[in-house]
Amino acid sequence: PFCFISYYVYIIQSSINGSFYKGFTENPIKRVERHNNGETPSTCHLCPWVLVYVEELLSKTDALKREKILKKATRERLQALINHPKNIVHRFVG
């Protein structure tokens, strides 16, 4: 049987200093848990992290391209994305 895999780009925000981290994953919830469990060396010093943005893409290639764009985005652009209707974070957090 065909199994559809979704890829997501996500933005998390540090509760410590408000900084953003951008990445991609197949499972946003598990990925944020890994960040908050200290399993990601580049983010462990700014825990806890809050998932603030999720965007679904159809391929890993598309997700990687989008992640690269997000990593270059200004804070203002990231804030605009977080507030945009295409943000599907509500599917992952209550």
Failed criterion for residue 66 (all others in (1) assigned to a loop (DSSP other than H, G, I, E, B); (2) basic (Lys, Arg); (3) under 13 Å from the mean Cα position of the chain (by Cα) hold): (1)
Positions within the stretch 47-58 being open to solvent by 30 Å² or more (accessible area, probe 1.4 Å) and modelled with pLDDT of 95 or more, in sequence order: 47, 48, 50, 56
Scope the stretch 61-92; condition touching a residue at least 24 places away in the same chain (Cβ under 8 Å) and either open to solvent by 60 Å² or more (accessible area, probe 1.4 Å) or touching a His at 6+ places or on another chain (Cβ under 7 Å) (or both); matching residues: 62, 64, 71, 75, 86, 91
Matching residues, the stretch 1-39, being among the β-branched types (Val, Ile, Thr), assigned to a helix (DSSP H, G or I) and open to solvent by less than 30 Å² (accessible area, probe 1.4 Å): 32
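The values are calculated or read from the model by the stated rules, or taken from the named source; none is laboratory data. Everything numeric in this text was worked out from a predicted model, so none of it was measured. Virtual Cβ from ideal backbone geometry, glycine too; neighbours counted across all protein chains shown. Ligands, DNA and RNA are stripped out before the accessible areas are found, and what is left, the full protein with its side chains, is counted by its heavy atoms. Shrake-Rupley method; radii C 1.70, N 1.55, O 1.52, S 1.80 Å.
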